[in-house]
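Worksheet: one structure, shown below.
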Amino acid sequence: MSELFKAALLEKAAALSEEDLQLINRQALRELKAEEVFTFRLAACDDQIDRDHERFTEACLEQMAQLYVGKPVLKDHLWSAGVQTARVYAAQVEVQGDAHRLVLRCYMPRTEGTAETIAAIESGMLRECSVGVVVGRVTCSICGANQLDTLCKHMGGREYDGQVCHFDLDAPRDAYEVSLVAVPAQRSAGIIKSKRYGGGA
């Protein structure tokens, strides 16, 4: 099993549509009105090779979009109901230039308890998130070996006969949560990952 944490960025949501409200109300136990909810988008991950020389396949992103609907938005990866802040109500893969990007649409109730978090998001102080997924296949671009079955000798980022090695992440098994996190204000924090597929990070 490969458990990964990838950074995501919060985006402004468009005006709440009737369709959005219907999707949100599929998650709620009572019918919510537009003025009762705050929505935002997460630019979660894409199919481009990242700084760890890994990439999600387009098929993986499409499957993750289905897995993420209904999943919680937490704080700091703390698996506790007390820090559950929002919920993913819709997800889709969008094309941006040459990239296919997984975008999560999330909502939270507008209450006294969430006012501080909403203010932090709206002011731009809180805009990084870490998206946790489990994938079932990590394929070497050089030899095709699944790193979950056997570790090959190839190293991501190294060149072999003119081809730079990277690993394709595929066959998602679970997308279990998204966390709002305090990330230092540095561009290099764009990828945050914990790898568990046969050794070293």
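The values are calculated or read from the model by the stated rules, or taken from the named source; none is laboratory data. Every value quoted in this text rests on a predicted model; they were computed, and no experiment measured them. Ideal geometry is used to build each Cβ from the backbone, glycine not excepted, and the neighbour counts take in all protein chains shown. Ligands, DNA and RNA are excluded from the accessible area calculation, which covers all protein heavy atoms including side chains. Shrake-Rupley method; radii C 1.70, N 1.55, O 1.52, S 1.80 Å.
For this structure, a couple of remarks:
- Dividing the radius of gyration of the alpha carbons in the range 34-160 by their Kirkwood radius gives 1.05 for Rg/Rh.
- Mean accessible surface per residue for the range 17-157, computed with a 1.4 Å probe while every protein chain stays in place, in Å²: 52 Å²
- The Kirkwood hydrodynamic radius of the range 100-167, based on inverse pair distances between different Cα atoms, is 16.0 Å.
- Net charge of the neighbourhood of Ala90, taken over other residues with C-beta under 10 Å away and scored Lys/Arg +1, Asp/Glu -1, is +1.
- Averaged over residues, the count of other Cβ atoms within 10 Å places the peptides 24-37, 137-150 in the sequence 137-150, 24-37, highest first.
- Summarising the amide proton neighbourhood of Arg137: residues at separation of 5 or more, or on other chains, whose placed amide H is nearer than 5 Å comprise Asp170.
- Positive-pole candidate from Gln48, Ala34, Ala65, dipole of the range 20-70, charges at beta carbon: Ala34
- Accessible area of the range 35-185 belonging to carbon and sulfur atoms, whole % at 1.4 Å probe: 48 percent
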